[in-house]
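In what follows, a single structure is set out as structure tokens and then discussed.
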Amino acid sequence: MSTFSGISTALSSLQAQRQALEVAGQNIANAGTAGYTRQRADLTAVSASTPAMFSTSTSVGGGVRVTDVQRLSDAFLDAKVRAATTAAGTLSAQATAYSTLETTLGEPAKTALSGQLSALWSAWSDAGNQPDDGAARSVVLEDARTVVGTLQTLYRGVASQWDQTRTSTVSLVDQVNASAASVADLNDRIRAITTSGGSANELQDQRDQLVTQLSSLVGATTQARADGTVDVLVGGGTLVQGAHAAALAVAGATSFAQAAGGSAVTIEWADRPGATVALTGGQVAGQLHVLGPADPSGTGGVLTEAAAQVDAVATALATQVNALHQAAYTTDGQAGGELFHLDPGSASAALGLSVSVTDPTRIALSDDPAKPLDGSVGDAISRLGASAGGPDATWASAVVTIGTRAQAASSRAAVAEAARSTAEQQQVANASVDVDSETVDMLSFQRSYEGAARVLTAIDDMLDTLINKTGSVGR
Amino acid sequence: MTTRVTQLSMQRSTLANLQLNMAAMASLQERMSSGTKISVPSDDPAGTSDVLALRRQQASMTQYGRNADDATAWLTTLDSTLSSSLVSVRRARDLTVQGGNGALGAQAREALATEIEGVRDGLLSQANATYLGRTVFAGTSNAGVAFTTATAADGTRTYSYTGTVNGETPAVERRLGDDVTVRVDGDGAAVYGDGDDSVFALLDKVAAALRSPDGDPTQYLDAIDARYSAMLTGSSSVGARQNRVDAAKSALQSSTLNVTTQLGNVQDIDLAQVILDLESQQVAYQGALGATARTLQPTLLDFLQ
């Protein structure tokens with residue numbers, strides 16, 4: 001034991017306490033920073049050196065030092081947040097699509113399609129009552145045009161929602177690529193700092209935030225490596241490995257017509273066109289489901305199926321009214337012909353639908369050319385509104401189906417969001433800074449610092465006694 | 001496991017809870033201001049299905065109501081026309097009986113014949129009665145009149161009925177319910193007769209008999225009685241149909257009321273309940289705000305000097 005070793009012990013304490021105080025200061029400075037994980041200085045006592053063989057003094061430890069600034073994150077809580085975020089991302093994309101779709105439908109307001117169909121049937125009934133009244137026939141034509149216009153507006157509304165969703169999917173994928181590149185960059189810097197023995201805690205916080213964002217977007221999972229980097233996996237492939245990031249691209253259907261024709265929108269690796277990424281979750285996966293083609297079992301794309309329902313209403317309206325109208329006769333005894341025209345060249349029945357009669361006198365209401373003022377066909381057509389397979393019934397069942405699915409999607413999204421919020425709450429509770437506990441830590445570090453300074457003074461006094469006061473006997 | 005609580009986690013959960021409270025308030029306020037429970041189908045899919053079905057029912061009932069009003073107008077026209085025709089035929093019968101009196105001179109018989117012809121013209125215009133420009137005794141014909149007259153060179157008049165199709169008069173019907181229709185026109189051929197059998201030809205014969213010196217108009221009394229009773233049958237059938245229309249109307253009124261009530265039950269809010277919910281939600285929100293103000297402020301630093 002050297003005479004001066006106590007001084008270095010006190011010095012080590014002064015240095016260590018100051019460092020710990022700095023860590024507490026960093027924590028308090030970031031008490032409100034999003035994504036910051038609290039840190040703790042790990043203080044370790046320096047062990048005494050092994051005594052020499054003939055040493056007489058008992059050895060005392062050599063003070064204290066900061067071995068590490070630890071980042072107090074919990075890998076399990078982080079993984080839980082990522083899984084819950086992935087599920088919430090998928091379901092919220094679907095719920096949002098349904099809720100927009102419902103607004104497009106406009107039901108059950110009186111002015112929506114169901115109300116317009118009712119008005120059309122009433123107009124037919126009125127025209128049947130007064131076959132000799134041109135005004136009643138004009139009302140039929142106007143109401144028929146209104147219904148056709150609404151069907152087309154509905155179809156276009158669904159198609160434009162599809163376009164918007166695809167555009168937003170592309171921008172989400174861009175975001176994924178940008179985040180993946182940032183993660184790769186951070187991986188590189190973290191590895192460099194870690195290998196040189198530094199602390200990259202703040203960079204790790206940034207990286208974790210980006211990875212959580214990737215989980216929310218494409219359901220990314222991670223794999224930590226010994227050198228401090230993480231690999232990000234998406235749909236069974238590697239998105240980020242060390243300092244290298246791959247990129248995703250949106251492929252498949254580019255227009256609603258293609259999607260309605262059965263072609264899906266897919267995500268593929270940008271450097272390997274055609275290699276599809278099978279996303280298992282995340283916002284992008286939810287949007288892909290929304291954009292998907294229709295499926296007979298009702299599990300296909302939300303929008304293409306809604307459009308198919310609008311088409312079904314248009315077809316039912318045109319074929320059923322035409323069937324009755326073609327068998328009927330106008331007041332001057334001519335056959336009725338078709339009232340609605342379905343363009344066979346149009347991919348969508350709703351968009352190809354038009355009212356082919358333009359002259360009100362061409363509306364046929366009589367069931368017999370010898371009965372010019374008979375209105376029985378008008379009555380028969382007005383009864384289509386109540387028929388089981390009629391356009392009204394088709395539309396009502398479509399609205400109720402969409403309503404039921406929207407309700408289910410929104411409650412599933414709410415549950416997933418609650419799970420995500422709970423997981424995040426737990427993570428935040430573990431990782432965020434508690435100002436009270438930091439204050440207490442600060443107090444203790446401050447006191448330790450004061451104590452170490454006192455030790456230094458004591459040793460100084462002791463040496464003063466030894467050096468200046470000894471050997472003066474009899475002087 | 002004791003949960004660690006930090007300022008940030010408390011702040012987050014407080015914000016989330018305040019947000020939930022606000023969302024609940026917003027949804028209640030939306031209900032209250034819109035007055036309806038179902039503004040999009042997902043609010044209540046089963047209710048939406050009911051609303052759509054009930055609205056459709058309501059629309060068809062409104063239409064049936066309009067049809068019934070139209071039917072009433074037709075039947076009223078028929079009824080008043082037939083009443084006048086009955087009076088006219090009775091008058092013609094009285095004149096015919098008068099004409100059978102052998103003591104009448106030629107001048108008096110001529111006067112009777114002229115009056116009979118006047119009655120005939122009245123009957124003809126009654127038979128061609130219209131409602132909103134449509135002849136009510138001509139079925140589905142668009143000829144504009146139920147009976148056309150033609151005068152031959154020798155002065156004989158012929159009458160023909162325009163409404164006959166395939167040997168019968170097609171019915172003009174109005175729908176008063178999903179399975180209820182009622183005939184609203186009169187069968188002109190049955191009421192006034194067709195061609196030679198028509199009441200007009202009959203009265204022409206009576207007039208001719210009165211004008212010929214040894215003619216006996218009373219031989220036509222039986223025919224006149226037969227026509228009178230045919231008219232009476234037509235008239236009472238109109239009355240019976242009017243009864244059906246009235247019954248259908250009152251049934252429509254009560255079922256319209258039913259449907260409106262049901263629709264209200266499905267889609268309208270219970271105002272008292274929503275107000276109460278809103279009040280209690282407001283209290284909860286204020287409580288949450290108060291709690292936030294207390295818990296987020298202090299730290300240990302406030303107590304260390």
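The values are calculated or read from the model by the stated rules, or taken from the named source; none is laboratory data. Worth saying up front: this structure is predicted, and the values here are computed from it rather than measured. Here the Cβ is made from the backbone with ideal geometry for all residues, glycine too, and neighbour counts use every protein chain on show.
Criterion first (out of contact with any strand residue (DSSP E or B) (no Cβ under 7 Å at 6 or more places or on another chain), within 14 Å of another protein chain (Cβ to nearest Cβ) and hydroxyl-bearing (Ser, Thr, Tyr)) does B:Thr256 satisfy it? Spelling it out, it is not the case that B:Thr256 is out of contact with any strand residue (DSSP E or B) (no Cβ under 7 Å at 6 or more places or on another chain), within 14 Å of another protein chain (Cβ to nearest Cβ) and hydroxyl-bearing (Ser, Thr, Tyr). For beta carbons closer than 8 Å, sequence separation of 6+ or different chains, a first residue in segment A:145-157 that is touching a residue at least 24 places away in the same chain (Cβ under 8 Å) and under 22 Å from A:Pro360 (Cβ atoms) and a second that is outside any helix (DSSP H, G or I) and among the aromatic types (Phe, Trp, Tyr), the qualifying pairs are A:Val148/A:Phe340. Of the residues contained in segment B:290-303, none is found to be under 30 Å from B:Lys37 (Cβ atoms) and either free of Cβ contacts under 8 Å to residues at least 12 places away in the same chain or within 14 Å of another protein chain (Cβ to nearest Cβ) (or both). Looking at B:Gly118, B:Gly155, B:Gly122, just one residue is away from chain A (no Cβ under 14 Å) and in a loop (DSSP other than H, G, I, E, B), and that residue is B:Gly155.
What pairs come out if I take residues in segment B:176-196 that are part of a loop (DSSP other than H, G, I, E, B) and pair them with residues that are among the polar types (S, T, N, Q) whose C-beta lies under 6 Å away, six or more apart or interchain? These pairs meet every condition: B:Asp187/B:Thr169. Set side by side, the residues B:Ser84, B:Ser60 differ, and just one is under 33 Å from the mean Cα position of the chain (by Cα) and more than 10 Å from chain A (Cβ to nearest Cβ), which is B:Ser84. For segment A:123-139, the set of residues classified as touching a residue at least 12 places away in the same chain (Cβ under 8 Å), out of contact with any helix residue (DSSP H, G or I) (no Cβ under 6 Å at 6 or more places or on another chain) and not charged (D, E, K, R) consists of A:Pro131 only. Could you list, in sequence order, all residues of segment A:401-434 that are buried (at least 20 other Cβ atoms within 10 Å of the Cβ) and β-branched (Val, Ile, Thr)? The answer is A:Ile402, A:Val428, A:Val433.
Considering segment A:438-475, the residues that are of a type in the set (Val, Ile, Thr) and under 24 Å from A:Leu43 (Cβ atoms) include one that is nearest to the chain's Cα centre (by Cα), namely A:Thr439.
Residues checked against (1) surrounded by 15 or more Cβ atoms within 10 Å (Cβ to Cβ); (2) over 19 Å from B:Asn67 (Cβ atoms):
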| position | (1), (2) |
| --- | --- |
| B:Ser229 | no, yes |
| B:Thr233 | no, yes |
| B:Asn243 | no, no |
| B:Asp246 | no, no |
| B:Gln253 | no, no |
| B:Thr256 | yes, no |
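Across segment B:63-80, what is the total count of residues that are under 16 Å from B:Val259 (Cβ atoms), of a type in the set (Phe, Trp, Tyr) and more than 9 Å from chain A (Cβ to nearest Cβ)? Of the residues in that region, 0 qualify.
The condition of being under 40 Å from the mean Cα position of the chain (by Cα), among the charged types (D, E, K, R), within 30 Å of A:Ala452 (Cβ to Cβ) and surrounded by fewer than 22 Cβ atoms within 10 Å (Cβ to Cβ) holds for only one of A:Asp78, A:Asp163, A:Asp74, A:Asp68, that being A:Asp68. Here A:Thr394 fits the description: more than 10 Å from chain B (Cβ to nearest Cβ), farther than 28 Å from B:Val172 by Cβ and of a type in the set (Ser, Thr, Tyr).
You will find that of B:Gly177, B:Gly188, B:Gly193, the residue that is crowded, with 18+ Cβ neighbours inside 10 Å, within 14 Å of another protein chain (Cβ to nearest Cβ), farther than 16 Å from A:Pro372 by Cα and not β-branched (Val, Ile, Thr) is B:Gly188 and no other.
Residue by residue, here is whether (1) within 30 Å of A:Gly219 (Cα to Cα); (2) touching a helix residue (DSSP H, G or I) at 6+ places or on another chain (Cβ under 8 Å); (3) within 14 Å of chain B (Cβ to nearest Cβ); (4) modelled with pLDDT of 90 or more holds:
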site	(1), (2), (3), (4)
A:Gly333	no, no, yes, no
A:Leu339	no, yes, no, yes
A:Pro372	no, no, yes, no
A:Gly385	no, yes, yes, no
A:Arg412	yes, yes, yes, yes
A:Ala416	yes, yes, no, yes
A:Ser421	yes, yes, yes, yes
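Look at segment A:100-122: where a residue is more than 9 Å from chain B (Cβ to nearest Cβ) and touching a residue at least 12 places away in the same chain (Cβ under 8 Å) and a partner is surrounded by fewer than 23 Cβ atoms within 10 Å (Cβ to Cβ) and of a type in the set (S, T, N, Q), sitting 6+ places away or on another chain with Cβ atoms under 6 Å, you get A:Thr100/A:Gln161; A:Leu113/A:Thr150; A:Gln116/A:Thr146; A:Gln116/A:Thr150.
Against the test of being out of contact with any Phe, Trp or Tyr (no Cβ under 6 Å at 6 or more places or on another chain), without any contact (Cβ under 8 Å) to a residue 12 or more places away in the chain and loosely packed, with under 14 Cβ neighbours inside 10 Å, the options B:Leu104, B:Leu15 yield a single qualifying residue, B:Leu15. Pairs meeting the criteria (first residue in segment A:446-475 and closer than 15 Å to A:Ser12 by Cα, second residue surrounded by 10 or more Cβ atoms within 10 Å (Cβ to Cβ) and polar (S, T, N, Q), beta carbons under 6 Å, at least 6 apart or on different chains) are A:Ser448/A:Gln17; A:Tyr449/A:Gln17; A:Ala452/A:Ser13. Applying the condition of being polar (S, T, N, Q) and surrounded by 21 or more Cβ atoms within 10 Å (Cβ to Cβ) to segment A:338-391 and asking which residue is nearest to A:Ser255 (Cα to Cα) yields A:Ser348. Across segment A:347-356, the qualifying residues are those that are in a loop (DSSP other than H, G, I, E, B) and in contact with a strand residue (DSSP E or B) (Cβ under 8 Å, 6 or more places away or on another chain), and the one among them that is farthest from A:Thr153 (Cα to Cα) is A:Ser356.
Screening the candidates A:Ala226, A:Ala181 for the property of being of a type in the set (A, V, I, L, M, F, W, C) and in a helix (DSSP H, G or I) yields one hit, A:Ala181. Scanning segment B:162-174 for residues that are in a strand (DSSP E or B) and at the interface with chain A (Cβ under 8 Å from one of its Cβ atoms) yields a total of 3. Can you find even one residue in segment B:27-50 that is within 13 Å of chain A (Cβ to nearest Cβ), aliphatic (A, V, I, L, M) and either more than 35 Å from the chain's Cα centre (by Cα) or surrounded by fewer than 20 Cβ atoms within 10 Å (Cβ to Cβ) (or both)? Yes, because at least one residue in segment B:27-50 is within 13 Å of chain A (Cβ to nearest Cβ), aliphatic (A, V, I, L, M) and either more than 35 Å from the chain's Cα centre (by Cα) or surrounded by fewer than 20 Cβ atoms within 10 Å (Cβ to Cβ) (or both).
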